[in-house]
Every structure is written in C-alpha cells, then in structure tokens.
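Asker: I'd like to ask some things about the structure below.
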Amino acid sequence: MADIVLDHVTKRYPDGTVAANDINVEIADGEFIILVGPSGCGKSTVLNMIAGLEDISDGELRIGGNRMNERAPKDRDIAMVFQSYALYPHMTVRENMAFPLKIAKMDKAEINRKVEETAMILDLSQHLDRKPANMSGGQRQRVAMGRAIVRNPKAFLMDEPLSNLDAKLRVQMRTMVAKLQQRLSTTTVYVTHDQTEAMTLGDRIVVMRGGVVQQIGSPQHLYDHPANLFVAGFIGSPAMNFLPARLENGALRTALGDLALSDELRRTLEDADAPREAIAGIRPEDFEDAALVEDHVRARGSVFTAEVDVLESMGSDKFVYFKIEGEQAMSEDLADLAADAGTADVPESAGHLVTRFAATSVATEGKRCEVWVDTDKIQVFDPSTGANLTIPRPAPAPSSASRGISATESG
Amino acid sequence: MAIGQARSTGDKSKWAVANTVVLLYALIPVLWILSLSFKPASSITDGNFIPREWTLENYAQVFQVDLFTSALRNSIGIAIIATVLAVIIGTMAAYAVARLRFPGKKLLIGVSLLIAMFPPISLVSPLFDIWRGIGLFDTWPGLIIPYITFALPLAIYTLSAFFREIPWELEKAAKMDGATPLQAFRSVIVPLAAPGVFTTAILVFIFCWNDFLFAISLTSTSASQTATVAIANFTGASEFAEPTGSIAAAAVLLTIPIIVFVLFFQRRIVAGLTSGAVKG
Ligand SMILES: Nc1ncnc2c1ncn2[C@@H]1O[C@H](COP(=O)(O)OP(=O)(O)OP(=O)(O)O)[C@@H](O)[C@H]1O
Ligand SMILES: [Mg+2]
C-alpha cells in the first residue's frame, strides 16, 4: 500500500500528440480516485504511465515516495484491470489468478491457498477449473479482478473495467468494486467515462479534458462548485442547463426572464470582475413547480411561466422539459461537451430546459406552467474562458486565464 | 419451415457434388500412383485403374536400393532440422515485425519478400561454387541453410499474421502481473500462437521435404542426397526396364511422412484458441 504522486507529468507521443499535459495529482494511501473525462482526453494514457506501460515524457511519478519513471511495470508492484479483462485464454481461472504468484515464485501450497481465498471473496470458487471462453462477461470481469487482488499489490489501476457489461450487471459490479476497495483499502485509480460511476465510486474525482486536468475534488464538491463550464456540464445527469445571460443591475437577464441575484452572489461576481455577457448554469433540481413551493421559499427565487414540452415521470419525481426561445449559450467547453455526448448534431437537444419537479406536480404536456428557480444555486460562467465566476476566490484570477489555469485543487 | 428445409437439402446436395469434384480432382493422381505402385512390371502399362494382379514387388525393390534408405534418412533429418530452425527464427522475427517498432523494420519486411520472389534456379549455380569452395557441398548443412533462407519469408508472414491476432493487452497484463518480456513471450504469447507455429511448421516441412532443385544441385552422394533425388536416380531391374513401378512405390512412401506430420500437428491447430481473452 502506498500513495501515488504525479508531479508535473506530461506525455508526448512520438507523433507529437500531447495526451497528458502537466498533470499534478496526489493520491493518498488507500484512496479511491477516479479519472473521468470524454473519450480521448488522456485517461488511459495517465493510467498507463502510472502502470509503466507508457514512458513518462516529463515530470516525475512517485509511488510510496520512490521515483518510478525508469522502473519496469513488474518492479512497481501494482496490478491492473483492463477494459477487455485481458484474461489468458489458454489458462483456467485458477491458472489465471495464480499467474502473478507463480511469476513471483511463491510456493505451490501458498499459491493454492491464496487463489482459493480470493475466489471465495469473488464468488468464483465453483468456476476455478473453467476456461475464460466459457464464462459470462460478469464472471470474466471478476476473474480479472481476482488476478489483480490475489497478490496484494501496492495499488490497483482499473481502466474502464465495467464498460463491457450490460447496464444491470454494471450496477451490481459497481457495488462489488466499491465494497472490495473498502475491504482491502488499497490505493485505487479508476478510469471511466461514465459520470455515474465517477460520482458513486470515488473518494475524489479528477476531471480531464484534452490532456489537461480541469478539476480535482470530492464528487459533491465537483457537483456543487464546478470550476468551469466543462466540469459543470460533465458532472450530473441530466446535465446542468446553460443559458446565455446578461448581468444588469445585479440581476441576470435570461430567456427565463430576469433572475434576481442574492447579495452574496452579486458581490462574488463583482469581485470576479464578471463580464456583462455571461452564461448561467442551473441544475434541473434547482427548479420546482411554483405551485408546490411555499411562499417564504418562493420569495427567495424567481418565477417564470413556460409551456411544458415533454414530461417524464420517474415515480419518485418528474423530469419536465421546456422549450425556451432565444439564443443558446455558446462556448468552446459546451461545444466539446456536446461533441462528447453525441448531441452536437441533434437540433432538438439544444434550446431545451430540463427541470426536476416533485412527483406531486400537476404539470401537463402542452400546458403552461409556473416554474420557480432557486436563484441562490445559480452558477455564472465566463463564456470566453469557461471559468466559474461564482466560486469565491481569494485573489482575482489572472486575466490571461486559459483552459489549464481554471483547474483548481480542493478536497 | 418446410421451404427452409427443402432449400437446405438442395444446398446440401450442391455442396456434396462440389466436394466430390474437388476431392476427385485432388485424389485421382494420388490414387493412380498408388495403383501403379501395386502393379507388377508386366501390367504397368495396361491402363487399368484397379490392378488385375497385386504385388509388393515394387516396394521390396525400393528398399533393396541402399541409396533410397539413406536418402529417406537424409530427407527426414534435413527437413526436421530446417523446419525447427526456421520456425524458431521465424517466430522471433515475426514477433518483432508484428509488435515492435524498430528502425529498419520496413527494410526487413522488404528483403524477406524479395527473397521469396527470387527465383531459386538463379541461385543454384553460384551456391554450387560457393558450397564447393567452403566445403558445404554434399553435406546436411549445405541443404539446411538454403532451406531456412527460402522458408523464412513464408514463416515470418504466416506467423506475424498470427501474432497480430493476439490482443496486445494480454502482454500488458502479463507485464503488470510481474512477468519479464521473455516470461510474457514464453508463457502467454507462444502458447497462443501455437496454432500459427504448427501451421508454419507444416508448410516449411512440406517445402523442405519436396524440394528437388537444391537437393539435386548441392548433393552428390548418399551422405546428403534426399529422397526426391534418389527417386530420380532410380534405374530399372535391367538396363532397359523402366523403373515406373519403383518410382511410384517410392513416391507413395515419400508422402507418408507428410501425411503423418500433418495429422499429428493438425490436432493442435485449434481454431479460435484466443476466444475468451477479451470481452465477448
Ligand atoms: N500510441 C499513441 N500514439 C499517438 N497518440 C496516441 C497514442 N495513444 C493514444 N494517443 C492519443 O492520445 C490521446 C489520449 O488517448 P487515451 O487513450 O489516453 O484516451 P482516453 O481518455 O483513455 O480515451 P477513451 O475514453 O476513449 O479510452 C488521444 O487523442 C489519442 O489519440
Ligand atoms: Mg481509454
């Protein structure tokens, strides 16, 4: 068991691609950390550098305080679970799990004991003599896990280990992974592009984009205080709503009408030197059917009226979609997000407002409805840099804020 | 349902006809030689497919010739040694071609293709001179070396195709499990490439076994003459008798090792051995 430190780590592939740019992450001993981001953002590259499967072009990697850059994977004592499981097809489950121990020249009886113990934990005891080809996806996945945990490594690296499973199995396995990590409390770096996995599994999340770390923090922190538009849009499902907004007399002028801002928010925006044209971000649950909001709460926010476009009742609550007039919020971050979600070319996906109402709401499709917005929860972003202007910051951000600078570290 | 069945019966008979045609095409010459080898000298030219009289005289005659027994020994020895060496070198070269990036890789592939395209006949006379100069003429290595050279391109091509099929991640997994590159190669890659190795071995063996050109040019005595050459040197019982029967018998004998070799290794060529390694 050990901590892992990435100190200004950069990866440049021979063809010039910079897949990871100046990554700084400190992973504590026993911590479960998630690397998340859209496809091609460099998650696997970072993981492979920690594993030793890719060379580090610049910077230093330390595991348990020791520099690892030049060490071969076998000398780093870390185990990896691959997306494709990478089980040895010519070996039985038992042989697969025994392989790392056999390489380590452990004696036969000890190997047997460890393999059977691990198989027990993973509920694989009755499958030990089968070959991977004859097993289900979930079972293979567990064998891959078993091969990783059997030798008690300093750390686990997992590269999208659940992405080949169907939805139901994925939820089950997610719980299993969480329990396993808790039980073993081994430092774990887990790569995923599924934000639900990221939110539910990790102690902390590292959000990446284009090889650059956007933000590091606990799931709740990222959800409540996203550092920029990209993180705000990436974390949360359904995603945050983004609206072009104009700052005028301490209020936000949006397609939903004027949203009055609290004094605190107004001050923060003034401190941040917010531009007049901004982007407002509001999470679906910060809306409510105005009819269900008590008066004193109602006074805290703003109310507008709009026609219900689509209504999805989830039982516990209702997702209500409104069509909104006017322009859409435009920014590089949002374009990236749309491209990743595959919605860039779907005209319907834009100009929609997603809200979450209590199940008791009587909103009906095609009818107009009064909607209340919790203006305290509004986040305001700078459209040019994507930075979140509502995060109180001690010193004003440098004006030449680029993508990389918007990354903030917080626990 | 009924239509489907009717169609599949129709399909089946079509396949049966096609299979029969192909089988006959391939087997008739072989069967003809087999029939010749059992005919006595008097009825060799009678044109009957099934011999009227059966005799083992031809086979007995083949083994009376000392040259043939030693030639058979030479053939087996030379072909096996050349096959083993070509497969070992080919495996390593093919792995490098399939997996590694190194300077001169394109050149290596190009040169091996070039060797495969080079007409052996143009090499025979220079080789003859060189071999006589350095004492390799009429020795086993004298044949093994050119066999390896000409079998290698084939071996590299077949094997690198097999290596490419093996998921990269298996090797990475082995590395993460603590294996050195050599351990990973031996305990993960080679077992998975086994079908490819055996296929290649069969092809190389057949190539060496059947070669006539090098064998006739680079050998002269029973020290290294191979079976193909020995057959060509057969003479009849008398100076005027054609040795057709003995040649047929020898040819039959010559195909037996190949059939055995193929049958032996074919059981190891299990298709889809890699299935189950990754998702699915
Ligand atoms: N061997 C390589 N040579 C050159 N570029 C590479 C190489 N491997 C990856 N890249 C590039 O580096 C970037 C990051 O790749 P990486 O595989 O780390 O992405 P990822 O975040 O894991 O994506 P995914 O979610 O699709 O797995 C991509 O733009 C990719 O094209
Ligand atoms: Mg990846």
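Asker: Work out the mean other chain Cβ neighbour count within 10 Å for the residues of A:88-98 and drop it here as an integer.
Answerer: 4
Asker: Under 19 Å Cα-Cα from A:K102, which lysines qualify once same-chain neighbours fewer than 8 residues away are excluded?
Answerer: Excluding near neighbours in sequence, the set is A:K74, A:K114, A:K131, A:K154, B:K172, B:K175.
Asker: While we're looking at this one, here's another question. What net charge is computed for the residues neighbouring B:A223, neighbours being all others with C-beta under 15 Å from the C-beta of B:A223, Lys and Arg scored +1, Asp and Glu -1? Walk me through the numbers on the way to the answer.
Answerer: Numbers: positive: B:R73, B:R132; negative: B:D66, B:D138.
Result for the neighbourhood of B:A223: 0.
Asker: Next up: In region B:94-195, which GluC sites (Glu not before Pro) are in a loop and have at most 11 other Cβ atoms within 10 Å, using DSSP for the loop call? Could you put the intermediate results ahead of the total?
Answerer: Values: sites: B:E165, B:E169, B:E171; in loops: none.
The qualifying sites: there are none.
Asker: For B:L263 and B:F118 in the same chain, what is the full-extension length gain: residue separation times 0.36 nm, less their Cα-Cα distance, in nm? Don't skip to the end; give the middle numbers.
Answerer: Details: separation 145, 0.36 × 145 = 52.20 nm, distance 3.13 nm.
The B:L263-B:F118 span can extend by a further 49.1 nm.
Asker: Work out which chymotrypsin sites (Phe, Trp or Tyr not before Pro) in chain B are exposed loop sites (DSSP not H, G, I, E or B, at most 15 other Cβ within 10 Å) and give the longest gap free of them.
Answerer: With chymotrypsin sites (Phe, Trp or Tyr not before Pro) excluded where exposed in loops, chain B gives B:55-211 as its longest stretch.
Asker: Two decimals is fine: what's Rg over Rh for region B:36-125, C-alpha atoms, Kirkwood radius as Rh?
Answerer: Numbers: Rg = 23.0 Å, Rh = 18.1 Å.
My calculation puts Rg/Rh at 1.27.
Asker: Using a 1.4 angstrom probe on the protein heavy atoms only, line up B:R132, A:R76 by accessible area, largest first.
Answerer: Solvent-accessible surface, decreasing: B:R132, A:R76.
Asker: Give the cross-link partners of B:K14 among the lysines, using a straight C-alpha distance below 26 Å as the criterion and excluding same-chain residues fewer than 8 apart.
Answerer: Counting by Cα, and skipping residues close in sequence, B:K14 has no lysines nearby.
Asker: Rank-order A:77-88, A:152-163, A:56-67 by packing density, defined as the average count of other C-beta atoms within 10 Å over each peptide's residues, highest first.
Answerer: Most protected by this proxy first, the peptides run A:77-88, A:152-163, A:56-67.
Asker: Return the calculated 222 nm mean residue ellipticity for the protein assembly as shown, to the nearest 500 deg cm²/dmol, obtained by summing -39500 (n - 2.57) across DSSP H runs with n ≥ 4 and dividing by the residue count.
Answerer: Counting only the DSSP helices, I get -14000 deg cm²/dmol.
Asker: While we're here: Just to confirm the number: angle between the C-alpha axis of helix A:108-121 and the first principal axis of chain A, 0 to 90 degrees, nearest 10?
Answerer: 30 degrees
Asker: OK, next. What does the accessible area of B:L114 come to, in Å² to the nearest 10, when a probe of 1.4 Å is used?
Answerer: About 100 Å², rounded to the nearest 10.
Asker: Continuing with the same structure: Restricting attention to region A:278-387, which chymotrypsin sites (Phe, Trp or Tyr not before Pro) occupy a DSSP loop and are surrounded by at most 13 other Cβ atoms within 10 Å?
Answerer: Passing sites in region A:278-387 do not exist.
Asker: Mind grabbing the accessible area of A:E70 for me, 1.4 Å probe, Å², rounded to tens?
Answerer: Estimated to the nearest 10 Å², A:E70 gives 130 Å².
Asker: Starting from the Kirkwood Rh over alpha-carbon pairs, what translational D in µm² s⁻¹ does the protein assembly as shown have by Stokes-Einstein at 25 °C and 0.890 mPa s?
Answerer: After rounding, the answer is 78 µm²/s.
Asker: A further question on this structure: Among residues other than A:A28 whose Cβ falls under 11 Å from its Cβ, what is the net charge (Lys/Arg +1, Asp/Glu -1)?
Answerer: That sum, taken over residues with Cβ under 11 Å, equals -4.
Asker: Let me ask something else. Where does the charge balance sit around A:M91 when Lys and Arg score +1, Asp and Glu -1, over other residues with C-beta under 13 Å from its C-beta?
Answerer: Around A:M91, the charge tally is +3.
Asker: What does the C-alpha gyration tensor say about the overall shape of chain B? Classify as rounded when a/c is under 1.5, otherwise prolate if a/b is larger than b/c, or oblate.
Answerer: Numbers: a/c = 2.59, a/b = 1.28, b/c = 2.02.
Note, shape of chain B comes out oblate.
Asker: Using only atoms on other chains, find how many Cβ atoms lie within 10 Å of each Cβ of peptide B:164-172 and report the average. Spell out each step's value before the answer.
Answerer: On the way: counts 0, 0, 1, 5, 3, 9, 8, 2, 8.
Per-residue shielding by partner chains comes out at 4.
Asker: Ranked by accessible surface with a 1.4 Å probe, highest first, in what order do B:K39, A:K323 come?
Answerer: From most accessible down to least: A:K323, B:K39.
Asker: Work out the mean other chain Cβ neighbour count within 10 Å for the residues of A:72-85 and drop it here as an integer.
Answerer: Working: counts 4, 7, 10, 1, 2, 1, 1, 4, 6, 2, 7, 3, 9, 9.
Mean number of neighbouring Cβ atoms from other chains: 5.
Asker: Taking all protein chains together and a probe of 1.4 Å, list B:S187, B:S37 from the most accessible to the least accessible.
Answerer: So the residues, ranked largest to smallest area, are B:S187, B:S37.
Asker: Follow-up. Using a cut-off of 25 Å between alpha-carbon atoms, which lysines can reach A:K323, once sequence neighbours fewer than 8 places away in the same chain are excluded?
Answerer: A:K367, A:K377
The values are calculated or read from the model by the stated rules, or taken from the named source; none is laboratory data. Small disclaimer: the values here were computed from a predicted structure and weren't measured. For neighbour counting, all protein chains shown are included, and Cβ atoms are generated from backbone atoms with ideal geometry for every residue, glycine included. Only protein heavy atoms, including side chains, enter the accessible area calculation; ligands, DNA and RNA are left aside. Shrake-Rupley method; radii C 1.70, N 1.55, O 1.52, S 1.80 Å.
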